[in-house]
Amino acid sequence: MIDLRSDTVTRPTDEMRSAARNAPVGDDVYGEDPTVNKLEARAAELLGTQAALYVPSGTMGNQIAALTHTEYGQEVVLEATSHIYGHEVGGLAATAGLQVRPLDGGADGLFSPSALADAIIEPSLHRAGTGLVCLENTHNRAGGTAHSPAAMAARCDIAHDAGIPVHLDGARLFNAAVALDVPPAALAEPVDSVMCCVSKGLGAPVGSLVAGDEEFVETARRYRKRLGGGMRQAGIIAAPGLIALDSWERLAEDHERAVRLATALDELPGVTVDAPDTNLVRVDVTDAVVDGETFLSQLADRDVLGGAYGGDVIRLCTHRDLTDADVDAAIAVATEILTD
Ligand SMILES: *Cc1c(COP(=O)(O)O)cnc(C)c1O
């Protein structure tokens, strides 16, 4: 099976498994797990923040950040197809008591600074006011687009001028760093908090980090406990995370394979594929011989798995558990299906 659904399907390497087995552990709710402490320190160092907190998932990290930055009833300005808005089961409303003001981010998934300025609401007798702005980098639904530190800073300046914090959903922040050839810290620098996943392309089995200044992380730690994310001998899962964090530069290989896949599929009749920035390939088969659903099921019949962005737009994701031969085989199978 060639699994191109997501980079979350990556399995821990032998090195990660033996690191898990040998990890020194303690009770992390008491702050006594040396491996978790090391992972948090290493993440903070890479992201250029004062501190970081290990959390079970990216979703929990984003929700904790929203809870930490805001007051009940406030508004969050975010992109209309962002993960935080569309794929976290309504958590902003259900868990944090927030209302959302979604903005159109266009093809890149990044709203303009002027649209943001217009969306910010001052608190008044009638209005709760804006409590948080969220960005996403890379942007998942836009096809893994990478936004430069300058583009992010332009949005952050508007928010900060209004006294509003910015949280970055950086589930795939390291992919953005590789694509833009900048240190990860350059992408975290303009924002007030950042979440990144070690469980996706970096290949660790479990977990994400949410990072910011010491005061932010101290409050975030209390919300993690409230949401049931306080873990005990979590060094067992944090140890592979440390190896994952040290291997981010290899994501370049996944990006090269994504370009190869995109270039080949774009040549097929009725198929449109934009050159990917990172490891997510958006394949639009609207004008092809089969529709999106048929394409996916015929791929699956031939042992190639893909995902749907919705309608006739398919998502194919490259990751470390694939070989060049797998990518070639996937191209051959897709070519067979999409050529009459
Ligand atoms: C995967 C993802 C998340 C959530 O991570 P989980 O660990 O699956 O909860 C958040 N944001 C983006 C952009 C993602 O792609």
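The values are calculated or read from the model by the stated rules, or taken from the named source; none is laboratory data. Because the structure is predicted, anything quoted here is derived from the model rather than measured. Heads up, the Cβs are rebuilt from the backbone with ideal geometry, glycines too, and the neighbour counts pull from every protein chain shown.
Residue-wise test of (1) surrounded by 15 or more Cβ atoms within 10 Å (Cβ to Cβ); (2) out of contact with any helix residue (DSSP H, G or I) (no Cβ under 6 Å at 6 or more places or on another chain); (3) over 23 Å from R155 (Cβ atoms).
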position: R5; (1), (2), (3): yes, yes, yes
position: P12; (1), (2), (3): yes, no, yes
position: A23; (1), (2), (3): yes, no, yes
position: R42; (1), (2), (3): yes, no, yes
position: I64; (1), (2), (3): yes, no, no
position: L67; (1), (2), (3): yes, no, no
position: E71; (1), (2), (3): no, yes, no
Check: Is there any pair with a first residue in the range 128-153 that is in contact (Cβ under 8 Å) with a residue 24 or more places away in the chain and a second that is within 10 Å of the ligand (Cβ to nearest atom) and charged (D, E, K, R) whose Cβ atoms are under 8 Å apart and which are 6 or more apart or on different chains, and what are they?
Finding: C134/D169; L135/D169; E136/D169; N137/D169; N137/R172; T138/R172; N140/R172; G144/R172
Note to self: Quick check on the range 8-61: of everything there that is in a loop (DSSP other than H, G, I, E, B), within 15 Å of the ligand (Cβ to nearest atom) and of a type in the set (S, T, Y), which residue is farthest from the chain's Cα centre (by Cα)?
What the structure shows: T10
Margin query: Which count do you get for residues in the range 282-298 that are among the aliphatic types (A, V, I, L, M) and either in a helix (DSSP H, G or I) or more than 15 Å from G310 (Cβ to Cβ) (or both)?
Written below: 4
Margin query: For the range 134-162, give me the residue count where each residue is within 20 Å of A65 (Cβ to Cβ), β-branched (V, I, T) and within 16 Å of the ligand (Cβ to nearest atom).
Written below: 1
Note to self: One residue is enough: does the range 117-127 have a residue meeting the conditions surrounded by fewer than 23 Cβ atoms within 10 Å (Cβ to Cβ), in a loop (DSSP other than H, G, I, E, B) and within 16 Å of the ligand (Cβ to nearest atom)?
What the structure shows: no
Next item on the list: Report yes if E71 is part of a loop (DSSP other than H, G, I, E, B) and either modelled with pLDDT under 95 or closer than 26 Å to A238 by Cα (or both), otherwise no.
Entry: no
Notebook entry, point to check: Taking G201 and the conditions (1) touching a His at 6+ places or on another chain (Cβ under 6 Å); (2) farther than 30 Å from E15 by Cα; (3) within 15 Å of the ligand (Cβ to nearest atom); (4) not basic (K, R), which numbered condition does it fall short on, given that it satisfies the others?
Noted result: (2)
